[in-house]
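Novice: What follows is a single structure, and I will ask about it in a moment.
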Amino acid sequence: MSTAYLNRIATAVPEHDVHDAFVVFAEQMLADPRLRAVFRRMASRANIEHRYSFLDPQKHSGQFSSQDAHDFYRPGNFPNTARRMELFEQNAPALMRKAVDRLALNEKERSGITHVLVTCCTGLYAPGLDFEIVDHLGLSGDVERTMVGFMGCYAAINALKLARHIVRSDPKAGVLTLNLELCTLHFQETQELEQILSFLVFADGAAASLITTREQGFALDSFKAMTVPETRGLITWKIRELGFDMSLSGQVPAELARALHEGELMAERDGRDGIKLWAVHPGGQSILDAVEKGLELPADALAASREVLSSFGNMSSATVMFVLQRMMQQARPGQRGCAMSFGPGLTAETMRFSVV
């Protein structure tokens, strides 16, 4: 059976760096001065320098391409779900085009695309981003399109798994994947510190990838999905009247560390000793610390993940692809790697790969 290869990855973020502005805004939203002090302390420890959004934190920017964040998130009048989805439909295609164009497909590659896969958990409309990709690239009308929706941060691994199935079953197939999230659409007005801290890490971003049987990039060797028992309610993502409502328990890092250490998510028989490249989804500083502790990794093993977290924050499904892109630029032939993402369930999706 043919081997599937992740040939290359391109990434993109919107133009507005909103991290510092959000920290100020979120602190002001908290009425309790004690909670404000805790929030300031946690924000300083988040190891995030930049996060990007299609929303412009500068009032009255006058830029047609962006929305005014101050108008969108007005205290006492946060937008409803319909308004949030309107902005997703208006702004997601521009970020898609930015990522896809950076993939720099040549004419042969473009004509060889037979399947388009899209992952997204932050916006819905139809005809959607899959149609937008077909139109933007001028692809054939018989290209097969699949949406992988509402799976959260581990969806990119699922898309790569599906792409592997496709090209292994049809060696002539070419799969274009897009992982796109506008997480900053879904901030909520709340006095719950844990919820505001979860907003502290999320950002907008997109990644486009090409998967074929051409021996270039990373060979997609194997995949595995595991769910930690009795943790179903630790991460939830539900559609409500005022946007998509996330619940992210502070227990998640401890449960991940325990499950990894005890082999519930990655047992010794999986042969992790030969892995040199660890592409772990940077869900937050505490998540990366938990993985490092649970797998007893050396201090520099998650350097790429920590760099992405610092530079971009958590962009849900797109984030692990940012990590893989960095590794692809630096990896040496013959090295073996493991990509790992976490999300609702509590679920870990893992992918073994090797450098061509």
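The values are calculated or read from the model by the stated rules, or taken from the named source; none is laboratory data. The structure presented is a predicted model; accordingly, all values stated were derived computationally and were not measured. Backbone-built Cβ (ideal geometry, glycine too); neighbour counts: all protein chains shown. We work out accessible area using only protein heavy atoms, side chains counted, and drop any ligands, DNA or RNA first. Shrake-Rupley method; radii C 1.70, N 1.55, O 1.52, S 1.80 Å.
Novice: Straight-line reach from residue 224: which aspartates and glutamates have a Cα under 13 Å away, not including same-chain ones fewer than 8 places off?
Specialist: Qualifying aspartates and glutamates at Cα under 13 Å: 264, 270, 349.
Novice: OK, next. So for the chain, taking the charge dipole from beta-carbon charges (+1 Lys/Arg, -1 Asp/Glu), which of 10, 338, 22 sits furthest toward the positive end?
Specialist: The listed residue farthest towards the positive side: 338.
Novice: Among 199, 171, 116, pick out the residue whose Cα is farthest towards the positive end of the charge dipole of the chain, where Lys and Arg carry +1 and Asp and Glu carry -1 on C-beta, about the Cα centre.
Specialist: Value computed over the given set: 171.
Novice: When the Karplus curve 6.51 cos²θ - 1.76 cosθ + 1.60 is applied with θ = phi - 60°, which whole-Hz ³J(HN,Hα) does each residue of the stretch 76-81 get, with x for Gly and Pro?
Specialist: Karplus-based 3J(HN,Hα) across the stretch 76-81 equals x, 8, 5, x, 7, 5 Hz.
Novice: Mind listing which trypsin sites (Lys or Arg not before Pro) in the stretch 127-177 are in a DSSP loop and have 10 or fewer other Cβ atoms within 10 Å?
Specialist: 172
Novice: A further question follows. What length, rounded to one decimal in nm, is gained on full extension from residue 232 through to residue 131, with 0.36 nm per residue of separation minus their alpha-carbon distance? Kindly include the intermediate steps, with their values, before the conclusion.
Specialist: Numbers: separation 101, 0.36 × 101 = 36.36 nm, distance 3.35 nm.
Here the answer is 33.0 nm.
Novice: Okay, moving on. Ignoring ligands, DNA and RNA, what percent of the 1.4 Å accessible area of the stretch 157-196 is carbon and sulfur? Display every interim value, and only then the final one.
Specialist: Numbers: 640 of 1340 Å².
About 47 percent, which is the carbon plus sulfur part of the accessible surface.
Novice: Something else now. Give me the lysines in straight-line cross-link reach of residue 98: C-alpha distance below 26 Å, same-chain residues under 8 apart excluded.
Specialist: Filter leaves 59, 108, 161.
Novice: While we're looking at this one, here's another question. Based on the Cβ-Cβ distance of residue 106 and residue 143, what FRET efficiency does E = 1/(1 + (r/R0)^6) give at R0 = 22 Å, to the nearest 0.05? The partial results should precede the final answer.
Specialist: Values: r = 17 Å, r/R0 = 0.79.
Efficiency, from the Cβ-Cβ distance: 0.80.
Novice: In straight Cα distance, which aspartates and glutamates are under 16 Å from residue 172, not counting same-chain residues fewer than 8 positions off?
Specialist: Here the aspartates and glutamates satisfying the reach criterion relative to residue 172 are 107, 109, 142, 144, 215.
Novice: Could you report the chain's accessible area per residue, 1.4 Å probe, as an integer in Å²?
Specialist: Numbers: 15330 Å² over 356 residues.
Here the residues of the chain average 43 Å² of exposed surface.
Novice: For the chain, give the share of DSSP beta bridges that are antiparallel, in percent and rounded to the nearest 5; count only bridges with both residues there. Walk me through the numbers before you get to the answer.
Specialist: On the way: 43 of 61 bridges.
In the chain, approximately 70 percent of DSSP beta bridges are antiparallel ones.
Novice: Between residue 329 and residue 78, what is the label-point separation in nm under the 7 Å Cα-to-beta-carbon projection?
Specialist: Roughly 3.5 nm, to one decimal.
Novice: Same structure again: I'm checking a number: the convex hull volume of the Cα atoms of the stretch 187-309, normalised per residue, in Å³. What is it?
Specialist: On the way: hull volume 19.0 nm³, N = 123.
Value for the stretch 187-309: 154 Å³ per residue.
Novice: May I have the extent of the alpha carbons of the chain along their three principal axes, as whole Å values ordered from largest to smallest?
Specialist: Its Cα atoms span 60, 48, 33 Å along the three principal axes.
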